[in-house]
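Contents: one structure, followed by commentary.
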Amino acid sequence: MPDTRKVIIIGTGPAGYTAALYSARANLKPLVFAGPEPGGQLTLTTLVENYPGFSEGIMGPELMNQMQMQVEKFGTEIIHDAVTRVNFKTHPFEIFVGEQKYVSETVIISTGASAKLIGIESERQLLGHGVSTCATCDGAFFRNQEVIVVGGGDTAMEDATFITKFASKVNIVHRRDTLRASKIMQERAFKNQKISFIWNSTIDKIHDVDKNTVTGVTLRHLKTDQRTDMNCQGVFVAIGHQPNTEIFKGQIDVDEVGYIKLRHRAFTNIDGVFAAGDVVDHYYRQAVTAAGMGCMAAIDVERYLEAEHG
């Protein structure tokens, strides 16, 4: 049998790294599985200006690198592998990477969520260089510029309305001729003079990969198949997020979308299994709130273990 750990943390990002920091300083010797995207969504961003403590801002990958070095300084062990399955029906809990098994008294899940993307190559190539999935994070970078928001739900309307605080014009591109957003969000968007709508359309290509910045898009009308070029300086993709919980299905309570349900604080429905960050939070989705939840989960783990062992 492998050694039984006190805590295993699945996933990194601000939630996972903060959980590791508090766990390590509590002498719990945490083991962290970094997963397929170490650092999470912040590694896909450039300048982060809304994380406290950095008056000039900090690059997303650098912030994650600093967090990693900090937790390693206090004795956190990081394995750069993805967990392939878990068994929460036995205790201590079993965590698998392929056939390799790890066991732990407690688990913190901080696998985050992935933004749904349009699915074109130029979109991924320009992520963090004019293409964004977070209006709250990046809207201020587009002062007096023209941008596109892709989507037709509440998130798209909220993002578009928020970005009008900075941008000169916001064009909402939607695949249909009606919105899925709630009536109140639709009304706000329709009344905003900076917002216009491009219906029955999708983005075929985002320009200009060679210049490593967004200069415009090629739009395709889904009914006529006609393509038109349009200048813009930013593209915000707002078609939703998918929580990274596939390996936990059937092991833990999740909602209809896949977000982990919390019983209270950072406790899931399984005693000894905790969750933090975007894997449970579909409302705020900010680095600072994820970090705060990671702190909560680690403190909950420490007190849970104290209660279990007297």
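Looking at the stretch 94-115, which of the residues that are of a type in the set (A, V, I, L, M, F, W, C) and under 26 Å from the mean Cα position of the chain (by Cα) is farthest from Ala298 (Cα to Cα)?
This residue is Ala115.
Could you tell me whether the stretch 167-177 includes any residue that is out of contact with any helix residue (DSSP H, G or I) (no Cβ under 7 Å at 6 or more places or on another chain), closer than 24 Å to Tyr51 by Cβ and not aromatic (Phe, Trp, Tyr)?
The answer is no; no qualifying residue exists.
Can Ser132 be described as surrounded by fewer than 16 Cβ atoms within 10 Å (Cβ to Cβ) and in contact with a helix residue (DSSP H, G or I) (Cβ under 6 Å, 6 or more places away or on another chain)?
no
What are the residues in the stretch 296-305 that are touching a residue at least 40 places away in the same chain (Cβ under 8 Å) and either assigned to a loop (DSSP other than H, G, I, E, B) or buried (at least 18 other Cβ atoms within 10 Å of the Cβ) (or both), if any?
Within the stretch 296-305, Ala297, Ala298, Val301, Glu302, Tyr304 qualify.
Grab the strands (runs of 3 or more DSSP E) fully contained in the stretch 81-145, keeping just those with 3 or more residues being at pLDDT below 95 and under 25 Å from Thr161 (Cα atoms).
113-115
Tally up the residues in the stretch 150-169 that are surrounded by fewer than 19 Cβ atoms within 10 Å (Cβ to Cβ) and either closer than 18 Å to Ile203 by Cα or not assigned by TED's automatic domain parsing to the domain that holds Cys134 (or both), please.
So the answer is 2.
Among (1) surrounded by 20 or more Cβ atoms within 10 Å (Cβ to Cβ); (2) at pLDDT 95 or above; (3) assigned to a loop (DSSP other than H, G, I, E, B), where does Gly75 come up short?
For Gly75, the exception is condition (1).
Residue check, Gly35 against (1) surrounded by 21 or more Cβ atoms within 10 Å (Cβ to Cβ); (2) in a helix (DSSP H, G or I); (3) at pLDDT below 95, all met but one. Which one?
(2)
Which one of His309, His282 is without any contact (Cβ under 8 Å) to a residue 24 or more places away in the chain and either in contact with a His (Cβ under 6 Å, 6 or more places away or on another chain) or surrounded by fewer than 17 Cβ atoms within 10 Å (Cβ to Cβ) (or both)?
His309
Determine, yes or no, whether Arg5 is crowded, with 20+ Cβ neighbours inside 10 Å and at pLDDT 95 or above.
Judged against the criteria, Arg5 is a match.
The values are calculated or read from the model by the stated rules, or taken from the named source; none is laboratory data. Bear in mind the structure is a predicted one, so any value in this text is a computation, not a measurement. Because the Cβ atoms are built from the backbone with ideal geometry, glycine has one as well, and the counts that use them run over all protein chains shown.
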